[in-house]
Amino acid sequence: MYKSIILPQAKQDIKEGAKWYNDRKLGLGKRFTQHVRKKVHFIRQNPKAFAIRYKDTRTSLLDTFPYMIHFIVDDEQKLVIVSAILSTHRDPDVWKERE
């Protein structure tokens, strides 16, 4: 299994998403973060199961929430680097600003 690093901006994405969901319904933000954690764990086990979408960046959709995890796989270090966790409802150019 690969190890994972969640970059600071991606951690901020998780916090913002959790807050947004908690503002709608108490406890929903916690469910969101659990789904993110579960998906990152799956990615660590199967990093090549996801297609490359931008340069070397792969993406994976969350199962319940409309968010996409953006990550890079470093095979030499057996490492998954999560760079963004963005709502699929946001402008896709937001991702390009982070490249």
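Take the residues in region 1-18 that are surrounded by 12 or more Cβ atoms within 10 Å (Cβ to Cβ) and of a type in the set (A, V, I, L, M, F, W, C), then tell me which one is farthest from the chain's Cα centre (by Cα). Only one residue fits best here, namely ALA18. The residue pairs whose first member lies in region 6-34 and is free of Cβ contacts under 8 Å to residues at least 40 places away in the same chain, whose second member is in a helix (DSSP H, G or I) and aromatic (Phe, Trp, Tyr), and whose beta carbons are closer than 7 Å, counting only pairs six or more residues apart or on different chains, are ALA18/PHE32; LEU28/TYR21; GLY29/TYR21; PHE32/TYR21. Restricting region 1-38 to residues that are of a type in the set (Gly, Ala, Ser) and part of a helix (DSSP H, G or I), which is nearest to SER87 (Cα to Cα)? Per the stated criteria, the residue is GLY17. The combined condition, being under 11 Å from ILE85 (Cβ atoms), under 15 Å from the mean Cα position of the chain (by Cα) and surrounded by fewer than 18 Cβ atoms within 10 Å (Cβ to Cβ), is not fulfilled by HIS41. Examine region 70-81 for a residue that is part of a strand (DSSP E or B), at pLDDT below 95, touching a Pro at 6+ places or on another chain (Cβ under 7 Å) and at negative phi, and state whether such a residue exists. Taking every residue of region 70-81 in turn, none turns out to be part of a strand (DSSP E or B), at pLDDT below 95, touching a Pro at 6+ places or on another chain (Cβ under 7 Å) and at negative phi.
Residues that are farther than 13 Å from VAL82 by Cβ and of a type in the set (Gly, Ala, Ser): does region 46-53 have at least one? Scanning region 46-53 turns up at least one residue that is farther than 13 Å from VAL82 by Cβ and of a type in the set (Gly, Ala, Ser).
Looking only at region 39-60, residues that are farther than 18 Å from LYS78 by Cβ and assigned to a helix (DSSP H, G or I) come to 1 in all.
The values are calculated or read from the model by the stated rules, or taken from the named source; none is laboratory data. Quick caveat: nothing in here was measured; it's all calculated off a predicted structure. FYI the Cβ positions are ideal-geometry reconstructions off the backbone, even for glycines, and counts take in every protein chain you see.
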